[in-house]
1. If I filter the stretch 203-219 for residues that are surrounded by 12 or more Cβ atoms within 10 Å (Cβ to Cβ), at pLDDT 90 or above and within 29 Å of the chain's Cα centre (by Cα), do I get at least one hit?
2. Just to be sure, is G368 touching a Ser or Thr at 6+ places or on another chain (Cβ under 8 Å), of a type in the set (G, A, S) and over 19 Å from Y38 (Cβ atoms)?
3. For residues that are touching a Leu at 6+ places or on another chain (Cβ under 8 Å) and hydrophobic (A, V, I, L, M, F, W, C), scanning just the stretch 332-355, find the one that is nearest to L12 (Cα to Cα).
4. Sort out which residues of the stretch 11-53 are over 15 Å from D81 (Cα atoms), surrounded by 21 or more Cβ atoms within 10 Å (Cβ to Cβ) and of a type in the set (V, I, T), and write them in order of number.
5. Considering each residue of the stretch 230-249, count those that are surrounded by fewer than 16 Cβ atoms within 10 Å (Cβ to Cβ), touching a residue at least 12 places away in the same chain (Cβ under 8 Å) and outside any loop (DSSP other than H, G, I, E, B), and give that number.
6. Kindly indicate whether any position in the stretch 64-81 is modelled with pLDDT under 90, surrounded by fewer than 18 Cβ atoms within 10 Å (Cβ to Cβ) and of a type in the set (V, I, T).
7. I'm trying to understand the selection: among the residues of the stretch 251-278, which are closer than 16 Å to M338 by Cα and of a type in the set (F, W, Y)?
8. Would you pick out the residues in the stretch 117-149 that are of a type in the set (S, T, N, Q) and either under 30 Å from K4 (Cα atoms) or surrounded by fewer than 20 Cβ atoms within 10 Å (Cβ to Cβ) (or both)?
Amino acid sequence: MQSKQTLQVAVLTLVALGLLTVIFYTPIWWVSLTAPNYPEESFPDGVRIHFHMNGVFNGCQKQEKAEIVEDEALDCVHEMDTINHYVGMYPIAAGGPVERGFGQFLMVFMGVMLVGFICTKPKLRMTILGVGFASIAVWMGTTLYGKDGFSLQNAGYVSALVTSMDQEASSDTSEPEIVIGGVAGVLKDSLEESGVEVILPSQVEAEKKANTKSAGADKAHLIEQLKLTYDIDQVKSDTMSPWDGSSFQVMSWHYAQSLGRYFNNQEEIVPMVKNLELAIHVVFVGLLGAMALVVFGSRKNGGLLYWLLILVPIALPLFFIIDYSAWLWWYGHTLNDMGAFSVKPFMPTVFGDGKVAQFTTHSYPYKGFGLMVLVSLILAVAALIRFKQFKQEGQ
């Protein structure tokens, strides 16, 4: 009976663990602005953005209609930033910088907790958690503070930072077209005029390279774009340090750039950047402390610290709502005086439809949030089974 319950808990927890991985790459919430100057024919979803664990991404789709010709979809993150700045609101990239920068570590942290929860033997569980958390600590420290540690960040986060600065998230490094002359060139032109498709070896090689890359831009190329922009800023500034490629440096610099994108008031920006840098250090140390606490609490079955192994992942939807609501409050109550229009501080719509000036706002959960709720339900069942199991064992 006990082994059956252990197996049930293991299966449910592993399913939840797999879903956590999917959640990291899935949009969790969407927000849209609709207005008369954004007709439904051209903007069926309005100006729409998607919130992920690692950034905010474009939610607008490329329109393929006879009367509308688009080479690529409108960048609605930039479009919404442009709309918001008129009332003094900071760019979207200024929100949740710590959460997005630590997103990959937090998700793996919860994953290790779930693996530890599966195990019913305290000594083995402590070993699993200890090794897992030690690996995260090294990975996190190297990423945040190590030279070129930013390259250890996930591609989605890097892409979001690049696009938020109005840079092309494109890895188009194709070489100039090769012009073939002489007899070979004449033969090539003759064959093509006859309707024969001629494929050059260089084209085959380029296609192979394209197929090996993801649909998005190459991460290394995106980081190089950020570095070039950083180096340009360094020339203009007397206080910036040379590029070391650490996530701490990139996050701090990018946050300053985001805050000053429309409202370059250094008297306000510098203290906010200092607060971010302090927050990064605090969260880093806090996560290390949380890991040590969890390992300590896993030394025996039962007890509050033991149940944190599964209660924390269960509460993920609640954590997201609280964090999302807090940042919406910050956006609406941290309005810059340099905005074109003066408005009173307000609370943007967290869930449902709202109205701001001529715009109707829409804010609703998306696929990722649904998966979060599903994970919570699955883990709740696993926790209930484990509770009954321990009760039967007298623990």
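The values are calculated or read from the model by the stated rules, or taken from the named source; none is laboratory data. Everything numeric here is computed off the predicted structure, so don't read it as measured data. Counting neighbours? That spans all protein chains shown, and the Cβs are built from the backbone with ideal geometry, glycine included.
1. Scanning the stretch 203-219 turns up at least one residue that is surrounded by 12 or more Cβ atoms within 10 Å (Cβ to Cβ), at pLDDT 90 or above and within 29 Å of the chain's Cα centre (by Cα).
2. The answer is yes for G368.
3. V350
4. T13, I23, I28
5. 2
6. Within the stretch 64-81, one or more residues are modelled with pLDDT under 90, surrounded by fewer than 18 Cβ atoms within 10 Å (Cβ to Cβ) and of a type in the set (V, I, T).
7. Of everything in the stretch 251-278, those that are closer than 16 Å to M338 by Cα and of a type in the set (F, W, Y) turn out to be Y262, F263.
8. Within the stretch 117-149, T120, T127, S135, T142 qualify.
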